[in-house]
Each structure stands twice: as structure tokens, then as C-alpha cells.
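Trainee: For reference, the structure I am asking about is given below.
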Amino acid sequence: MTTGEPEPEVRQAAAAPQVGLTWRHLYSLATERLGSDIEARRIVERASGREGPDWLLTLDEPVQKRALPFFDEMVERRAAGEPLQYVLRRWGFRTLDLLVDRRVLIPRPETEVVVEVAIRELRRVDSRRPLVADLGTGSGAIALSIAVEVPAAHVWATDASEEALAVARANLAGIGSPAAVRVRMARGRWFDALPVAFRGEFDVVVSNPPYIAASELLPAEVSDWEPQSALVAGPSGTEAIADIVAGAVSWLAPSGALVVEIAPHQAEHARALAHGAGFGEVDVRPDLNGRARVLVARR
């Protein structure tokens, strides 16, 4: 990926469409500008409105004039270092196509594993009307995935950020009925947003909290763009995990489970926190790369 002024050909394409200009030509320009044919493809798919296998059928079609400024804007934003997910304003997560922008974290494969573990815990509990809390929901990726993939689940999604909840609500509208009617969203820090009447009733409490230490160096594409409040927990990086673990015991049903995303190096400390909070069974599950990633604590 290169930076600096737009290539003359890209500026020309956006300012004055050429006769016979095709998506193949723009794909070639974007590939050269970004140094990535994969990212160029995603931008062409988004600008043309043809995604998946159909995108190949689009390449030799003429480019509509109104699509050129959108294409050019996305190429230049990406060339300036903005994450591709924000440039596209949408990203796939399990079965969902989510709105994402700078108000929320970018959904990642590690968190897809968190959802899988949470769903397995719900199957273990085998409740007819499972009750789930997703703390710090962000884009709503975890909460909405569970609502869609577990048809009986009723999910509370909380976040301290009203901006994040606005994104989550937009994604909630996008999943439609019947899953959407089983999701409630509330603003507040961790358990503070939940109705007191549900204390001791949740079958699963799940969270992808901030777990980065304040002193930890992150890639610029992360630190310069994603919300710091959703990334950095405090001096140690385990502050949010500790708060959630300590509060979860009183909010879970007798057979319920806590499922929390953690950093691999935090595994032993997270285990100790869960045991200290009174959980009887504690385990840490791996992500797709085999690294310790998901704390599972059962009452």
C-alpha cells in the first residue's frame, strides 16, 4: 500500500470518465495504487454493487459515472492508511454482514471463536428460553450472531458508548425478524445496564472487553483508527476482565457460564481471577491459530 497524492490516472477516472471505462480498468488502477489485488477487488465489489462470484461478470461492464467518486474516495482513504473495513463501511462476521466504522472495533476472527464457544455453552445448558448478556457489544457482532444462530435465545447487549450502540442498533435493524425481536440494547458499563430483575438468571454472559495494556504498542492501523476505549483496559490490560469476572457470578444462573475474550498471555491470570471469584469450572479455549483466547468459567 502506498501513500501520498492520488495517481494521475485515478484522479482522471474520477474527475472525467473515459469513454469505454470498465471496472477491469479501475481494478487495475486500485491494485497498483494499493499494492493488493485482494483489497482492490473488495473496493471494486463495493463500488459496483456486485459482490461474491458475480464480481467477475462485472469487470468488463462500463462504469457508471456516479460510481466513480465513491470508488476514488475508497481507494484514497485506504491508501492513507484507513482500515479496509472502515473504508468499505461493512464487514462479514460469521453469517452476518455488519456495518462498521470508527465508532466500533473491527470484528475479527478471534471473536468469531468466542461466539462459537458461547453457543456451545448454551447448548450445554439446554434451556428452552436461554438468556444471554453481551457486555460491551460494540457493533453487536456477538449479540446478533447468537440471536440469529440460536433461535430461542433472548439477548441483552450493553455498551457504555452511545455511539457504539448506534452502530449496534443499525445492525440490529439489518438482521430483521424474528431474531431482532429477541435482542434488547441498553447503555451502561458492564452489568450496570442490565435490569436488576435478571440478576441470577443469565445462562451465558459473554464479552469481548478491552484487554490491551496502556503501555502496549499497537500497529498504527489499529491505534490510529479504532476506538481506544474499546481497546485499552488500563495499566495491566486485565482491568475490564477482572471487573466482568467479579460481577458475573451473581448474574449467572446456577448452571450458567461466563465466556470472555482475552489475550493469550493473560490466560493464567484470567484463570486465577475466575477461581478467585468462586467459579467451579474454569478453562481457556484456543483460537483458530491455537493461541489461548477464550476464558470459560462455569458456576
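Trainee: If I stretch the segment between A220 and R285 completely, what's the gain in nm (0.36 nm per residue apart, minus their alpha carbon distance), one decimal?
Mentor: 20.5 nm
Trainee: Ignoring ligands, DNA and RNA, what percent of the 1.4 Å accessible area of region 231-279 is carbon and sulfur? Numbers along the way, then the final one.
Mentor: Numbers: 1080 of 1720 Å².
The value for region 231-279 is 63 percent carbon and sulfur by accessible area.
Trainee: Where does each of 249-259, 133-143 land if you order them by average Cβ count within 10 Å, highest first? Show your work: numbers first, answer last.
Mentor: Values: 249-259: 20.0, 133-143: 28.9.
Going from most to least packed, we get 133-143, 249-259.
Trainee: Also, quick follow-up: Computed over the Cα atoms of region 179-297, what is the ratio Rg over Rh, Rh following Kirkwood?
Mentor: With Rh from the inverse mean 1/r over Cα pairs, Rg/Rh is 0.98.
Trainee: Give me Rg over Rh for the chain, both radii from the alpha carbons and Rh done the Kirkwood way, two decimal places. Display every interim value, and only then the final one.
Mentor: Working: Rg = 21.6 Å, Rh = 20.6 Å.
In the chain, Rg relative to Rh is 1.04.
Trainee: If one computes the Cα centroid of region 30-64 and of region 238-267, what distance in Å separates the two points?
Mentor: Using only Cα atoms to place each centre, the spacing works out to 42 Å.
Trainee: Among DSSP bridges having both ends in the chain, what percentage is antiparallel? Round to the nearest 5.
Mentor: 45 percent
Trainee: Taking the Cα centre of the chain as the origin and placing charges on Cβ (Lys, Arg +1; Asp, Glu -1), which of V100, V206, W156 is farthest toward the positive end of the dipole?
Mentor: W156
Trainee: Once every DSSP H run of n ≥ 4 in the chain is given -39500 (n - 2.57) and the sum is divided by its residues, what mean residue ellipticity at 222 nm do you get, rounded to the nearest 500 deg cm²/dmol? Write down the numbers at each step before the final one.
Mentor: Numbers: 12 runs with 122 residues, N = 299.
The helix-only estimate for the chain comes to -12000 deg cm²/dmol at 222 nm.
Trainee: Round to the nearest 10 and give me the degree value, 0 to 90, for the angle of helix 239-251's Cα axis relative to the longest principal axis of the chain.
Mentor: Relative to the chain, helix 239-251 is tipped by roughly 50 degrees.
Trainee: Please work out how much length the chain gains when fully extended from R77 to D97, using 0.36 nm per residue of separation minus the C-alpha to C-alpha distance, in nm with one decimal.
Mentor: Result for the pair: 5.1 nm of gain on full extension.
Trainee: A further question follows. Can you give me the accessible area per residue for the chain, using a 1.4 Å probe, in Å²? Walk me through the numbers before you get to the answer.
Mentor: Numbers: 13610 Å² over 299 residues.
Counting only protein heavy atoms, the per-residue value for the chain is 46 Å².
Trainee: I need the per residue convex hull volume for region 41-183, using only the alpha carbons, in cubic angstrom as a whole number.
Mentor: In region 41-183, the Cα hull volume divided by residue count equals 126 Å³.
Trainee: Here's something else I'd like to know. Between A152 and E61, what length comes free when the chain is fully extended (0.36 nm per residue of separation minus the Cα-Cα distance, one decimal in nm)? Walk me through the numbers on the way to the answer.
Mentor: Details: separation 91, 0.36 × 91 = 32.76 nm, distance 4.48 nm.
Extra length from A152 to E61 when fully extended: 28.3 nm.
The values are calculated or read from the model by the stated rules, or taken from the named source; none is laboratory data. None of these values were measured; they are calculated from a predicted model. No Cβ is skipped: glycine too gets one built from the backbone with ideal geometry, and neighbour counts run over all protein chains shown. The accessibility values were calculated without ligands, DNA or RNA, using every heavy atom of the protein model including side chains. Shrake-Rupley method; radii C 1.70, N 1.55, O 1.52, S 1.80 Å.
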